[in-house]
Structure formats: structure tokens, C-alpha cells
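Below you'll find the structure, written out as C-alpha cells, and then a few comments.
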Amino acid sequence: MSTNGTPSPATEHAEGDFGWSLGVLLRALHGSLESVLGDLPHGPRGYQTLSTVVHGDQPSQLALAAHLGIDRTVLTYLIDDLVEAGLVERRLNPADRRQRKIVATDKGTATLRELERRVRMVEDGVLEALDPDEREMFRKLLRRAACGARTVEPDTDPCVVVEEVLGTGPTSPRT
């Protein structure tokens with residue numbers, strides 16, 4: 001939109017460009033999350049891992065890696081850092097003592113609760129062009145689409161895809 005409220009030529013073209021729209025939102029979200037998740041080990045990836053540990057029930061570290069779409073060797077280092085920060089711990093799985101289950105500590109659960117509040121505020125800021133009901137609908141539809149898309153390429157690590165889009169992948173100095 002131009003400053004007088006009329007659509008600019010770039011805006012008119014972008015209205016039909018789904019990829020451009022997703023890219024703009026993703027960059028805005030990523031940039032805004034830096035300040036919120038910057039102190040958490042591994043930033044957004046650490047947040048997603050901690051969230052899955054708190055809200056999910058993965059029986060083992062291997063199952064957690066598969067659920068998150070993260071290479072198991074990468075997840076090992078990520079979990080090591082979350083353990084060192086006092087947010088999670090490895091415990092023997094009572095159902096299979098050969099496995100280690102990742103469990104949130106009280107500090108991890110409290111930290112996640114506060115981070116979820118902050119992340120929600122960032123998301124609402126990124127989606128401020130939508131009213132609150134539209135934001136909720138957008139979140140629900142996006143979640144459904146994302147869950148459906150994960151089956152399109154089961155060998156693709158979603159974290160790698162996001163890092164490639166944001167320019168923070170393995171060749172980036174930030175990883």
C-alpha cells in the first residue's frame with residue numbers, strides 16, 4: 001500500500017504471490033523472535049524442542065528427533081545445551097530402560113510458559129493487520145496446512161527448510 005492508502009503496483013502483484021506473502025511473514029516473525037528467544041539455547045529450534053518436550057510425550061530422544069524433523073545427532077547437542085541450562089533432563093524410560101526420555105524441569109516448564117506469552121505477543125504484532133478472530137483462524141488454517149505438508153516430503157527436515165528460507169542455514173555464521 002502506498003502512503004495514501006491506494007495499492008502500489010508491487011502490492012497489487014504480491015496479492016497473488018503466496019510464496020512472497022509467506023516469506024514476508026516468516027522474515028518478520030524471525031526478526032521479531034530474535035529478541036524474545038535470543039537467550040534460549042539454539043533460539044527458535046530450542047524453543048520448539050522445549051515446547052514439544054513440555055506439551056508432548058515422546059518416549060525417547062530418537063522419537064523426539066523424528067517428531068521434530070531434526071537429525072538425531074544435531075538433537076543430541078541441542079538437548080545437551082538445554083540440560084546445561086537446567087531446562088530439561090534425560091531420564092531412563094521406565095517402559096524401555098535402553099531409552100532416554102527427555103523431560104522438562106520445573107524451570108523449563110516455567111521458562112516455556114513465559115516464552116509462549118512473549119512469542120504470542122510477537123505473533124500478534126506480525127499479524128496486526130488481522131483482527132483477533134482472523135488471527136486465530138489464520139493460525140488454525142496454517143497449522144492444518146503445515147501438518148498436511150509434512151507428509152509431502154517426509155525426508156525433508158522442516159528446520160533446514162526454514163533456515164534456508166531465512167538464510168541462517170549451515171553455511172551461515174549464525175548456526
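Just so you know, all these numbers are worked out from the coordinates, no wet-lab data involved. Not measured: the values here are computed from a predicted model. Because the Cβ atoms are built from the backbone with ideal geometry, glycine has one as well, and the counts that use them run over all protein chains shown.
Quick notes on this one:
- Of the peptides 118-124, 139-145, 85-91, the ranking by mean beta-carbon count within 10 Å, highest at the top, reads 85-91, 118-124, 139-145.
- Rounded to 0.05, the FRET efficiency of the Leu141 and Arg98 pair, given R0 = 45 Å and the Cβ-Cβ distance, is 0.65.
- Listed peptides 43-49, 54-60 by packing density, highest first (mean Cβ within 10 Å): 43-49, 54-60
- Estimated at 0.36 nm per residue, the fully extended path between Phe18 and Asp131 surpasses their Cα-Cα distance by 38.6 nm.
- FRET efficiency for Asp106 and Glu84, using Cβ-Cβ distance with R0 set to 25 Å, rounded to 0.05: 0.95
- Full-stretch length increase - Arg72, Ser51 - with 0.36 nm per residue and alpha-carbon distance subtracted: 5.8 nm
- Rounded, prolate or oblate (a/c below 1.5 giving rounded, otherwise prolate when a/b exceeds b/c) for region 38-118 by Cα gyration tensor: prolate
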